Structure formats: C-alpha cells, structure tokens
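Notes for the one structure printed next.
The values are calculated or read from the model by the stated rules, or taken from the named source; none is laboratory data. The model shown is predicted, which means the values in this text are computed figures rather than measured ones. As a convention, Cβ positions derive from the backbone with ideal geometry for all residues, glycine included, and neighbour counts pool all protein chains shown.
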Amino acid sequence: MHFISDQLEKYIENHSEDEPELLQQLSRETHQKILQPRMLSGHYQGRVLSMVSKLKNPKHILEIGTYTGYSALCLAEGLQKDGELHTIDINEELVDFQRRYFDASNFGNQIHQHLGNALDIVPKLKMNFDIVFIDADKENYSNYFHLIIDKLNPGGIILSDNVLWSGKVLEPLKKDDISTKAIMAYNNLLKDDDRIETVLLPIRDGLTISRKK
Ligand SMILES: C[S@@+](CC[C@H](N)C(=O)[O-])C[C@H]1O[C@@H](n2cnc3c(N)ncnc32)[C@H](O)[C@@H]1O
C-alpha cells in the first residue's frame, strides 16, 4: 500500500534522483520473471536507501532479506572503498539472479550473499555493522533486532521496512494475523529501547530509521 496519491508519488520521484539504468533493468526483470515483485524496494525508496548509505558512508552493511538484490545495490552505493555488504536470503532460487546483477554493478566483489535462515546466519557473522536493513519475515523483526543490536557500532543505523504494514497497524487486530501483531510489537520495541533513537517515516509501506546512541 502507498499512503500518498499516485500523482504525488510521481511528483516526488520526478524531483528525486533518477533510478540508475541497472536498477531499472533489475526491476523490469523481477516483474517479468519473479513471484511477488511488489517486495522490491523500487525507485523512490531505493534512492532513500542510497542517500542514507552515502550520508553514513559505512564500512559494513548487513541486509536481512535480499530478494532480487535491488535494495542491496542501493545500499552498496554508499560503501567505503574497502567496505562490504552482507546480505541474507532463505530462497535459493534467487541466488543466481542476485549474483548476475551484483556482478553487473560496480560492487560485485563487495557484496557477499548468504543463503539460509537469517536467524541462523546472523549469529555467525563476526564483524560489526554501520547499517543494518531489516526486510525479511515480519514475524522475526524483533528477533533480528535482538540479534543485531550488539553487532551495531555506536552511531550505526537500523533501517526497518514495512513498519506500517499497509496501514494494518491502525486496524483492530485479527486473532490469526501474526504478521501485523509482530510489526506492532516491533514498532513498540524500537520506540521503547533506550539504546537507540527512532523516527518512523511514511515512505512507501513505512520505513523506520533507528540510530544507536
Ligand atoms: C521483502 S523481500 C526483500 C526485498 C529487498 N530487500 C528489496 O528491497 O528489494 C523479503 C525477502 O526475505 C526473505 N526471507 C524471508 N524469511 C527469511 C528468513 N527467515 N531468513 C532469510 N531471508 C528470509 C524472502 O525470501 C524474501 O526474498
């Protein structure tokens, strides 16, 4: 769900950075060949991720939820020359697709793919991170937060996607709707945790920026 009109969204896109050609291609191919193309961050949110990353200029980025690699490529734009982006996805059918686009970019050898459940993989990563992007299964957002908070450098940033969950965070909670329940609990967790400061932005489906103190 988008919270602003299509017309306003177009205006915002037209007055933001253009979508790089490679990402346009990636988006087209995702829409043609891959299930659930709505999961891809897209032009405007992608430019926001790129801008945040360039402002932070991170050495290490962690992404939970690669999908077809769109947001990884946006975040990689801000990496230091010797920086690394580690991205995790549980779907092995996406690995070759991702790699093809990573290698076609300027960041191929800086992007490391991890295949498997992020709950198992994150504890095995030995480095600390400057940016973490959480964009996988909503039920585990709070678990991911607990796994990464001690691996986040002071001043480091957690970006969390889909935190408005198509506006369902405002509706009466249905008993079997575990995703909405998890997102609502996660938003409260971010707001209440004293180790971070948080702003929730109404970008696309909701994007929170949390900065570790
Ligand atoms: C919303 S998509 C990610 C979109 C991507 N970040 C982008 O903006 O283009 C979510 C991805 O999380 C992956 N995923 C779901 N549960 C996971 C888990 N437990 N561990 C790792 N990846 C998971 C899915 O396979 C899917 O590709």
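Quick check, is E29 acidic (D, E), in contact (Cβ under 8 Å) with a residue 12 or more places away in the chain and in a loop (DSSP other than H, G, I, E, B)?
No; evaluated as a whole, the condition is false for this residue.
Can you work out which of the residues in the range 135-162 that are in a loop (DSSP other than H, G, I, E, B) and of a type outside the set (A, V, I, L, M) is farthest from the ligand (Cβ to nearest atom)?
Initially, the range 135-162 is screened for residues in a loop (DSSP other than H, G, I, E, B), giving 135-137, 162.
Now drop any that are not of a type outside the set (A, V, I, L, M), which leaves 135, 137, 162.
Working: D135: 4, D137: 4, N162: 7 Å.
So, considering only residues that are in a loop (DSSP other than H, G, I, E, B) and of a type outside the set (A, V, I, L, M), the one farthest from the ligand (Cβ to nearest atom) is N162.
Please find, among S160, S166, the residue that is in contact with a Leu (Cβ under 9 Å, 6 or more places away or on another chain) and hydroxyl-bearing (S, T, Y).
S160 is the lone residue from the list that is in contact with a Leu (Cβ under 9 Å, 6 or more places away or on another chain) and hydroxyl-bearing (S, T, Y).
Tell me, which residue of the range 163-176 that is within 16 Å of the ligand (Cβ to nearest atom) and part of a loop (DSSP other than H, G, I, E, B) is farthest from N140 (Cα to Cα)?
Ranking the candidates gives L164 first.
Which count do you get for residues in the range 1-40 that are more than 15 Å from the ligand (Cβ to nearest atom) and among the hydroxyl-bearing types (S, T, Y)?
Selection size over the range 1-40: 3.
Of everything in the range 177-213 that's of a type in the set (A, V, I, L, M) and not in a helix (DSSP H, G or I), which residue is nearest to K59 (Cα to Cα)?
I209
If you scan the range 108-139, which residues turn out to be closer than 19 Å to I196 by Cβ and either surrounded by fewer than 18 Cβ atoms within 10 Å (Cβ to Cβ) or at pLDDT below 95 (or both)?
N128
Just need a number here: residues in the range 67-106 that are at positive phi and of a type in the set (K, R).
Qualifying residue count for the region: 0.
So if I check each of K59, K10, which one is in contact with a Gly (Cβ under 8 Å, 6 or more places away or on another chain) and on the phi < 0 side of the Ramachandran plot?
K59
Considering V122, V132, which residue is aliphatic (A, V, I, L, M), closer than 21 Å to L200 by Cβ and touching a residue at least 60 places away in the same chain (Cβ under 8 Å)?
V132
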